[in-house]
Amino acid sequence: MTAKSDVNPVKKREPRLFMVLVLMMLTMIASRYILPSGRVGNLPGPARGDLVLQEQDLPAELAGWKKVQFIPAADPLAVANVESWWVHSWNFAKDGRSCLVTLDQAQWIAWHELSACYVANGWIQGDRHVYEVPDKNGEIWHIVTVDYEKSGVGRGLLIFSEFGSDGTPMEAQYLGQAFEQYDLEQGKVVDSQRSAGQADRWRRQEHPRVTQCQVFYSYSGDLGASLRADLIRLHAASREIFRDRWAQHWPTVSGG
């Protein structure tokens with residue numbers, strides 16, 4: 001149960017305002033991202049092989065959260081070349097709180113450390129965790145959570161994970177931190193006894209495309225363990241849907 005100060009009431013107009021503010025922030029983050037040499041200038045969208053999603057691609061209720069709003073990806077012709085991200089966004093709400101769920105597409109070919117983009121946009125990074133989380137099929141995913149603060153804005157929790165063009169879960173960069181085994185059902189870490197040597201190892205994976213899924217929650221006060229667990233579950237559930245949609249899409253544009 002979170003403290004009273006944790007609660008961000010969802011007013012009638014709040015979801016739309018929330019989405020506008022956070023999407024403005026994502027646009028600023030995207031514009032700071034620099035692609036490898038030779039990859040600048042490709043417009044996002046279907047011509048690049050991006051997946052086009054619709055509002056109904058995420059259900060009305062997901063992991064206990066209710067869908068409030070959908071903002072489709074921008075018209076590719078209206079996106080500056082340097083802003084290579086193509087973002088589909090949904091606003092979900094639960095118990096008077098709202099968060100943003102996005103599928104981010106760019107020309108990444110390996111793990112993209114999204115946390116650095118938030119820092120570049122003025123957020124002060126706090127704790128970062130790499131969780132090993134098995135999905136319903138027993139496949140292990142790396143889910144990264146990062147806590148932030150920003151003057152004049154408040155606090156934020158970022159949750160993200162990524163998959164390759166064939167749907168393979170991407171291995172996160174540990175950045176010197178031990179990874180922790182996380183149980184989605186219990187909503188807690190069940191094993192974090194890892195040596196520094198293991199934590200420092202990182203296997204770089206490369207794919208023709210890497211797709212990023214994230215949840216971002218903006219709040220003031222403290223973030224309780226129960227709400228954190230709910231947000232991680234929402235991320236895992238939305239990413240599962242995104243990967244399934246990608247699996248149907250990729251063979252049609254890759255010739256596979």
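Odds and ends about this structure:
Rundown of residues vs (1) closer than 19 Å to Gly224 by Cβ; (2) among the aliphatic types (A, V, I, L, M); (3) free of Cβ contacts under 8 Å to residues at least 40 places away in the same chain, yes/no style:
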{"residue": "Val133", "(1), (2), (3)": "no, yes, no"}
{"residue": "Asn137", "(1), (2), (3)": "no, no, yes"}
{"residue": "Trp141", "(1), (2), (3)": "no, no, no"}
{"residue": "Thr145", "(1), (2), (3)": "yes, no, no"}
{"residue": "Glu149", "(1), (2), (3)": "yes, no, yes"}
{"residue": "Arg155", "(1), (2), (3)": "yes, no, no"}
{"residue": "Ser165", "(1), (2), (3)": "no, no, no"}
{"residue": "Thr168", "(1), (2), (3)": "no, no, yes"}
{"residue": "Glu171", "(1), (2), (3)": "no, no, no"}
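- Ser218 passes every criterion in (1) at pLDDT below 95; (2) surrounded by 15 or more Cβ atoms within 10 Å (Cβ to Cβ); (3) among the polar types (S, T, N, Q) apart from (1).
- Residue within segment 179-186 that is touching a Phe, Trp or Tyr at 6+ places or on another chain (Cβ under 8 Å), hydrophobic (A, V, I, L, M, F, W, C), crowded, with 18+ Cβ neighbours inside 10 Å and modelled with pLDDT under 90 present: yes
- Residues (more than 21 Å from Glu132 (Cβ to Cβ) and either among the hydrophobic types (A, V, I, L, M, F, W, C) or part of a loop (DSSP other than H, G, I, E, B) (or both)) located in segment 218-240: Ser220, Gly221, Asp222, Leu223, Gly224, Leu227
- Of everything listed in (1) at pLDDT below 95; (2) part of a loop (DSSP other than H, G, I, E, B); (3) small (Gly, Ala, Ser), the single unmet condition for Ala30 is (2).
- Taking the numbered list (1) among the hydroxyl-bearing types (Ser, Thr, Tyr); (2) over 13 Å from the mean Cα position of the chain (by Cα); (3) farther than 23 Å from Gly187 by Cβ in turn, Tyr131 passes all entries but (3).
- Close pairs (9 angstrom Cβ cut-off, 6 or more residues apart or separate chains): within 13 Å of Ile241 (Cβ to Cβ) in segment 41-60, at pLDDT below 90 anywhere: Leu51/Val253
- Check on Lys67, more than 20 Å from Ser165 (Cα to Cα), touching a residue at least 60 places away in the same chain (Cβ under 8 Å) and of a type outside the set (S, T, N, Q): no
- Test for His249: is it farther than 29 Å from Trp123 by Cα and touching a residue at least 24 places away in the same chain (Cβ under 8 Å): yes
The values are calculated or read from the model by the stated rules, or taken from the named source; none is laboratory data. Here the structure is a predicted model, which means the values were calculated and not measured. Cβ: placed from backbone, ideal geometry, glycine included. Neighbour counts: every protein chain shown.
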